[in-house]
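Peer 1: Just dropping this structure here.
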Amino acid sequence: MENELRVKLLKNSLKNKNIPKNIRTLLYYKMSKINGSVCKVTNSCILTSRTRGILSDLKLSRMSFRSLAHRGLLAGFSKSSW
């Protein structure tokens, strides 16, 4: 939580092209020390931003997928029974 503001400031500084490149390089190294990496790629649901139980093909969480499929909003999916 305390690093959140610092990380946002560093990210915005890295995107700013008006800052000289050597200073942006130093900011890049600072960012890697704080966060472990400059960017973390995580699969998250596009509807709920949930990070667990993600169907990677659809970018939906299992709960969002279930509710959309149940309502018939996803083409090609239907409830199966056996």
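The values are calculated or read from the model by the stated rules, or taken from the named source; none is laboratory data. Note that the coordinates shown come from a computational prediction; the quantities given were computed from them, not determined experimentally. Neighbour counts run over all protein chains shown; Cβ positions are idealised from the backbone, glycine included.
Peer 1: Condition test on Ser67, is it among the hydroxyl-bearing types (Ser, Thr, Tyr), over 17 Å from the mean Cα position of the chain (by Cα), assigned to a helix (DSSP H, G or I) and at pLDDT 80 or above?
Peer 2: Considered against the rule, which asks whether it is among the hydroxyl-bearing types (Ser, Thr, Tyr), over 17 Å from the mean Cα position of the chain (by Cα), assigned to a helix (DSSP H, G or I) and at pLDDT 80 or above, Ser67 comes out as yes.
Peer 1: What are the residue pairs meeting all of these: first residue in region 57-82, first residue polar (S, T, N, Q), second residue surrounded by 13 or more Cβ atoms within 10 Å (Cβ to Cβ) and assigned to a strand (DSSP E or B), Cβ atoms under 8 Å, and 6 or more apart or on different chains?
Peer 2: Here the result reads Ser61/Ile54; Ser61/Leu55, each pair linking region 57-82 to a residue that is surrounded by 13 or more Cβ atoms within 10 Å (Cβ to Cβ) and assigned to a strand (DSSP E or B).
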